[in-house]
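Here's the structure we're looking at; comments come further down.
Just so you know, all these numbers are worked out from the coordinates, no wet-lab data involved. Remember, it's a predicted structure, so these values are computed and weren't measured experimentally. Glycine also receives a Cβ, built like all others from the backbone with ideal geometry; neighbour counts cover every protein chain displayed.
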Amino acid sequence: MLGTATARLLAAQEPRLLARLPAGLATATQRLIDSAASEGLPVEPLIQKALEGESKGADSARIVRAVQALLERLRVARRSLGGATEPELVAAAAALRAGASPATLGALRALRPNQTLVVPLSVLADIIAAGMPPERAWNSVREMASTGAGDAAFLALRDRLTNAPSTSELLPPPARRPPSDAPPASRPDRP
Amino acid sequence: MLDEAPLGSDPTLTAVLRELRRPVKPPSQAAERAMNILMLERRRRYWWPLAAAAALTAVWLAFRRPDATRPVRFALRAPASAQVTLTGDFNDWNAHQLPLHSRAGEWTVTLRLRPGRYRYAFVVDGARWVADPRGATAPDDDFGTPTSVITVGR
């Protein structure tokens, strides 16, 4: 976990934002990063979120909203997990974004107090994102966590649940994404 | 055959043949013991380094840092493309930094990543963002472009 002092130092000297973001956006983002650092939250995921937005050509307001939302998820993740490493917080934030509840995170920590939660949380996020209802996804992950399964077993579970031949039986159709409030800079494609 | 070759007129040849025909004395006990020790030392000389290397490898495998990097291979089938790069959380979303290499239309690159969750995408021909058709979809895309996610376990 990033020490508060180290996080503060990093936040104060983030040259990547200055090099790639417009001045106003860099300042706004830096403020959010400074908040994270002062709370002892990891700053690198926030920096990556801002750089991702810049790379994809998103407008400044959207980037700030995205960084803000991620910061809030990191806060909730840490409250729910208690002590957590940076990779755990990142995975937990993804699970929250996908639709998992904070209580789920706490319950998973209780099941595996001395083991890393990166892969179980990541798998939970992935299978919810693939269309499985959060409660059902949590039941699958909880069952596996209760047996003390390792990372490979969790990843196999995810592969099984997201790539099953009879997907329609296992997963409902993915929910429609809410319409974005700004057009994407470049149209995404799947080959 | 040495036994059948006649001793000729050539004195050198004769001397050589006589020497070769001379019966060899069996080694003395001391000499034999010395030979055995030497052979054992040769075996020992080679065995100890091998055993030490095996032991060190076993210890390293058992105690290697859980956050050690792992090789992760990224691949995209794009036979009609001239260039494919990889971008994501692991390279500050730099769309030009990590080129993939093509072989028969399959573009690949292998990175070493620490355990964790990484979001990424391919950039085709410098402009087109493409999700990984073989990867999981990231649920936390905030910019309108589908992004893939990979989880690297311990």
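Provide A:105, B:50, A:155 in ascending order of the number of other Cβ atoms located within 10 Å of each residue's Cβ, fewest first.
Working: A:105 28, B:50 9, A:155 19.
The order, fewest Cβ neighbours first, is B:50, A:155, A:105.
The charge dipole of region A:85-174, taken about the Cα centre with unit charges on the Cβ atoms of Lys, Arg (+1) and Asp, Glu (-1), comes to about 120 debye, rounded to the nearest 20. Across region A:106-117, rounded Karplus estimates of 3J(HN,Hα) from the backbone phi angles (6.51 cos²θ - 1.76 cosθ + 1.60, θ = phi - 60°) give x, 5, 5, 4, 5, 6, 10, x, 10, 10, 5, 9 Hz, Gly and Pro being marked x.
Shown in residue order for region B:93-107 are the 3J(HN,Hα) couplings computed by the Karplus curve 6.51 cos²θ - 1.76 cosθ + 1.60 at θ = phi - 60°: 6, 7, 7, 10, 7, 10, x, 8, 10, 9, 9, 6, x, 9, 9 Hz (x for Gly and Pro).
Calculated FRET efficiency, residue B:108 and residue B:53, Cβ-Cβ r, R0 41 Å, to nearest 0.05?
Values: r = 32 Å, r/R0 = 0.79.
Efficiency, from the Cβ-Cβ distance: 0.80.
Building the convex hull from the alpha-carbon atoms of region B:70-152 and averaging its projection over directions returns 5.1 nm². Amide H to amide H distances under 5 Å link residue A:149 with no residue, where only residues 5 or more positions off or on other chains count and H is placed in the peptide plane. Put simply, the amide H of residue B:113, placed in the peptide plane, has neighbours under 5 Å in B:70, B:72, leaving out anything fewer than 5 places away on its chain. Quick note on region A:85-174: its Rg to Rh ratio, both from C-alpha atoms and Rh being the Kirkwood radius, is 0.94. Taking amide H atoms as placed 1.01 Å from N in the peptide plane, the amide H of residue B:129 lies under 5 Å from those of A:189, B:124, each 5 or more residues away in sequence or on another chain. Karplus-derived 3J(HN,Hα) values for region B:77-85, using 6.51 cos²θ - 1.76 cosθ + 1.60 with θ = phi - 60°, are 8, 8, x, 8, 8, 9, 7, 9, 10 Hz; glycine and proline are entered as x.
Return A:55, A:122, A:35 ranked ascending by Cβ neighbour count within 10 Å, so the fewest neighbours appear first. Working shown, then result.
Working: A:55 22, A:122 30, A:35 16.
Fewest-to-most Cβ neighbours within 10 Å comes out as A:35, A:55, A:122.
About its Cα centre, what dipole magnitude does region B:70-152 give when the only charges are +1 on Lys and Arg Cβ and -1 on Asp and Glu Cβ, stated in debye to the nearest 20?
Values: 10 positive and 8 negative charges, 89 e Å.
Using Cβ point charges on Lys, Arg, Asp and Glu, region B:70-152 gives about 420 debye.
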